[in-house]
1. Grab the helices (runs of 4 or more DSSP H) fully contained in the range 40-159, keeping just those with 1 or more residues being open to solvent by less than 30 Å² (accessible area, probe 1.4 Å) and closer than 27 Å to residue 205 by Cβ.
2. Being away from the ligand (no atom under 16 Å from the Cβ) and in a loop (DSSP other than H, G, I, E, B) is the filter; apply it to the range 4-31 and report the residue that is nearest to residue 366 (Cα to Cα).
3. Is it the case, given these coordinates, that residue 219 is out of contact with any helix residue (DSSP H, G or I) (no Cβ under 7 Å at 6 or more places or on another chain) and either open to solvent by less than 30 Å² (accessible area, probe 1.4 Å) or farther than 25 Å from residue 245 by Cα (or both)?
4. Of the residues 422, 444, 414, which single one is surrounded by fewer than 22 Cβ atoms within 10 Å (Cβ to Cβ) and in contact with a helix residue (DSSP H, G or I) (Cβ under 9 Å, 6 or more places away or on another chain)?
5. Among (1) open to solvent by less than 20 Å² (accessible area, probe 1.4 Å); (2) within 30 Å of residue 101 (Cα to Cα); (3) modelled with pLDDT of 95 or more, there is one condition residue 306 misses while meeting the rest; what is its number?
6. Quick one: count up the residues across the range 250-265 that are surrounded by fewer than 23 Cβ atoms within 10 Å (Cβ to Cβ) and assigned to a loop (DSSP other than H, G, I, E, B).
7. So which residues in the range 613-649 are in contact (Cβ under 8 Å) with a residue 40 or more places away in the chain and in a loop (DSSP other than H, G, I, E, B)?
8. Of all residues in the range 563-588, how many are assigned to a loop (DSSP other than H, G, I, E, B) and either closer than 26 Å to residue 512 by Cβ or without any contact (Cβ under 8 Å) to a residue 40 or more places away in the chain (or both)?
Amino acid sequence: MFRFGVDYYPEHWPEERWPEDARLMSEAGINVVRLAEFAWSFLEPQPGRFDFDWLDRAITVLHKQGIQVILGTPTASAPPWVMGMFPDSYKVNEHGHRLTYGNRCEFCPTHAGYRERGRMVTRAMADHYADHPAVIGWQIDNELNGRCYCPTCQTSFQNWLRGRYNTLDKLNAAWGTAFWSHVYTEWSQVPVPVQTGGVPNPGLDLDFRRFMSDTFACFQQEQVDLLRQICRKHFITHNFMGFGFDQINYYDLAKPLDFVSWDNYPRTGWHLAKEADPTYLALGHDATRGFKGKPFWVMEEQSGSGGWQTVGMTPRPGEMRLWTYQAIAHGADAIVYFRWRTARFGTEQYWHGVLYHHGQPGRRYDELKTIGSELKRAGEQFLGSENRNQVAMILSYDARWAFQGQANHADFSYSALFRSYYKALHARNIGIDVVSPDADLSRYRLVLVPALYILPEEVADRLRSFVQNGGLLIATARSGVKDEANAVVNRYLPGLLADVCGVEVDEYDVQPAEETIPLELSLPGREAQSAGARLWFDVLRTTTSQPIGIYQAEYFSGRPAVTLNQFGEGKAVYVGTLGDDALHDTVVDWALQSIDLHAPVNAPSGVEVAERWQGDQRLLFLLNHNNETVEVPLTQSYMDLLSGTGVDETVKMPPYGVSVLHNEE
Ligand code: GAL
């Protein structure tokens, strides 16, 4: 069954209303709800006094309508009595200030007392619901993220370092503590990189970020272990934040879960934008699919306007449906909308759900119902289908974190660079896998490594074999700069990629963001064309490569900026500059042409095309992100899975329209 759900908070509404909610949900095709995610005050009103009666009654009402339940463990927001019990369990932020009560997710992840209370409430819930016929799975906590710099975390960090380095000599050598006489002689001397300590040693800084990520993974693991032991029939997931959150290594966090979920909010009141950016949404989905290399759930899909203090734009008619099928196109096997009914109180009064505060069905409910009936018919065909892509982009959390510590250029953003290359591919409707540096690359034809700043030897070896065996690699400036301890390598850049790229960085320079240095590109098979370089400028010396982009200004005018190298059976392109979308677009366009990789359908601008495969059966998704009608030409006839009608020659798509095409059997 394709799971189609809503996030529901029965504890926010009078019990007399629950049957009406369940009836309306069921009429819209809802077959699953997520409950209890922030309900700790209700589940354990006093220390050790658990109350599941209200939740049992809510589940019974829902189950009578055939609705199944995912339970959230409630540890993301603790009642005042928990925090009162452990005043030192509030996070200390990077400025050294301890948080106070009033928001959520304010706990320190290493605090033993908080963790114990978290395990207690999780265990009590698990014992109570292990055999409940309506419960199918668990979501652990909510959007784990953040960093804590408290004394307990400092001690844990020191222990973590002991595990990683074994001896202080090794730690001192790796971090280069010779600099500024920071040689540690006791583990207890090692600080946390709080801002009052100034700009930290990069080795310490990166290790602290790794430690915090591991700590959250460990916090999650405790709950996973309990649930695995007690609820053997249930799945376990966690709601990630796609490409957006960047403090936890999501590849690690995904490991113990059955599948990954994520929360997709295309438009919020925090960043008012007229149009949702379909590329960014696609990247969120592709990143999420990559965290475990398999289909995922959207656990919170935007249904109404999102805002806390300020109100965001309401999804336009058709957008909920469009975002639903975009998620499915990129690998979602279930969609759960946030939230059923808009809260009348609390911080999220303006984070709108399917129903307004008044609870009466309206336009968004009708749209939900339309999607529900389509998925009832067609949903099964999507389940477990594969996204088979020939292009991969490597997402490195080590690189992300190292750049968080040292941006290299005040206007450089690793995420923005990543998005820029992703966008060039996505705009051409090429399917993309976003993969970890540890991924097996042998199935890909093109691999992009934007600023792979920290480059372990095994990863460099894998990239080398990928090219040697016939792959095309695009690597950018600031790749191969550092070793795993965040120290600069003792060789010409791009370090361990210098041989495969056939290039050495002779010099580098930076310029203010508004400066563009003209380049002349001579991409094989194309006329010479001009482009721009920005932010960062590697001045290259070719060893075995040929220059395909030359600087046209500055003291390095005439020197190579972009190179192409034949290496084994494959090729490597090195782009020695960081910041110009048009340049990235041109390089990607040429790379795709050179490996003869094309979009499945030649669609007009703003129409996203994506494929999923159910065995030999191809499902072709056409998603019109334009607020206007467009026509998409086809080269063969298809059946439209959603409308049940046949199409040939062209599909006429209304604003925000969707078609899912497949060949007739
Ligand atoms: C999500 C979160 C939800 C809700 C929503 C709206 O990120 O998981 O609990 O807070 O945002 O703010």
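The values are calculated or read from the model by the stated rules, or taken from the named source; none is laboratory data. Because the structure is a prediction, the values reported are computed rather than measured. Positions of Cβ are generated from backbone atoms using ideal geometry, with glycine treated the same way; all protein chains shown enter the neighbour counts. Calculation scope for accessible area: heavy atoms of the full protein, side chains included, ligands and nucleic acids excluded. Shrake-Rupley method; radii C 1.70, N 1.55, O 1.52, S 1.80 Å.
1. Filter on the range 40-159 gives 112-129.
2. In this case the residue turns out to be 28.
3. no
4. Every option except 444 fails the conditions.
5. Of (1) open to solvent by less than 20 Å² (accessible area, probe 1.4 Å); (2) within 30 Å of residue 101 (Cα to Cα); (3) modelled with pLDDT of 95 or more, only one is false for residue 306: (3).
6. Final tally of qualifying residues: 6.
7. Matches in the range 613-649: 625, 627, 641, 642, 644.
8. The qualifying residues number 4.
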